[in-house]
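*Asks:* Okay, handing you the structure first.
The values are calculated or read from the model by the stated rules, or taken from the named source; none is laboratory data. Since we're looking at a predicted model, the values are computed, not measured. Using ideal geometry, Cβ is built from the backbone for each residue, glycine included, and neighbour counts are taken over all protein chains shown.
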């Protein structure tokens, strides 16, 4: 069975600090990987996704993530955070051979960016 | 971008009553919709996969007789919580898989259910 681990439950940063949120998954096959963001009071939005190809994926709002297959990781990064990045971030995975396309989510990381 | 709506956004009901939550894809057709439950400070837990015109597929541990799902059209799926109890209080979120957006789910804003 697939599972997703996000080790940082809460992260507090000052504006302009660099961000890296960890995501590890457990699955032996080929996966699709996603990062979603949930701003306060809003619905989940897709930040970026990886299906294949270049393991360094660039998303919206200056975010990027790197897929390291040997480490089963898909960490999210941003070189300089802004106050508006305060939100909850979820890593998610699905198996490429799973035709149901269902997602397994990590437990989420709450990011607070102080002005 | 693709928009998914949910109605109602909040509902409070008495124990023993049933509550219906609607999930609509507003500007695209969705053969598959998903229903999640989000507990406070927890992640999203997939409850079921809803396919248009067929029975929903429920995840292990989810009572299909309690959480009735109907996906009658390509733009509408409904979740009915039957005989609701306080432990059913939660945040319910739906998502829709676009026909043209391979493997990307678009999420609704969620419905906060409180059972008294």
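*Asks:* Yes or no: residue A:3 at pLDDT 90 or above and touching a strand residue (DSSP E or B) at 6+ places or on another chain (Cβ under 8 Å)?
*Replies:* Numbers: at pLDDT 90 or above: no; touching a strand residue (DSSP E or B) at 6+ places or on another chain (Cβ under 8 Å): yes.
No, not satisfied.
*Asks:* Is it the case that region B:34-55 has a residue that's buried (at least 19 other Cβ atoms within 10 Å of the Cβ), over 15 Å from the mean Cα position of the chain (by Cα), assigned to a strand (DSSP E or B) and within 12 Å of chain A (Cβ to nearest Cβ)?
*Replies:* no
*Asks:* Could you check residue A:90 against (1) out of contact with any helix residue (DSSP H, G or I) (no Cβ under 9 Å at 6 or more places or on another chain); (2) at pLDDT below 95; (3) within 14 Å of chain B (Cβ to nearest Cβ) and say which number it fails?
*Replies:* Among (1) out of contact with any helix residue (DSSP H, G or I) (no Cβ under 9 Å at 6 or more places or on another chain); (2) at pLDDT below 95; (3) within 14 Å of chain B (Cβ to nearest Cβ), the lone unmet condition for residue A:90 is (2).
*Asks:* Also, quick follow-up: Please work out which residue is surrounded by the fewest Cβ atoms within 10 Å (Cβ to Cβ), limiting yourself to region A:29-46 and to residues that are more than 12 Å from chain B (Cβ to nearest Cβ) and within 22 Å of residue B:43 (Cβ to Cβ).
*Replies:* So the first thing to find is which residues in region A:29-46 are more than 12 Å from chain B (Cβ to nearest Cβ), and the list is A:29-30, A:35, A:40.
Next cut, within 22 Å of residue B:43 (Cβ to Cβ) only: A:29, A:35, A:40.
On the way: A:29: 9, A:35: 25, A:40: 7.
The residue in question is A:40.
*Asks:* Could you tell me which residue of region A:66-115 is farthest from the chain's Cα centre (by Cα), considering only residues that are surrounded by 19 or more Cβ atoms within 10 Å (Cβ to Cβ) and part of a loop (DSSP other than H, G, I, E, B)?
*Replies:* Top of the filtered list is A:102.
*Asks:* Need the failing condition index for residue B:28 against (1) assigned to a strand (DSSP E or B); (2) surrounded by 15 or more Cβ atoms within 10 Å (Cβ to Cβ), just the number.
*Replies:* For residue B:28, the exception is condition (1).
Each row is one residue, and each column tells you yes or no for (1) closer than 26 Å to residue A:47 by Cβ; (2) at pLDDT 95 or above.
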residue	(1), (2)
B:3	yes, no
B:19	no, yes
B:25	yes, no
B:28	yes, no
B:49	yes, no
B:64	no, no
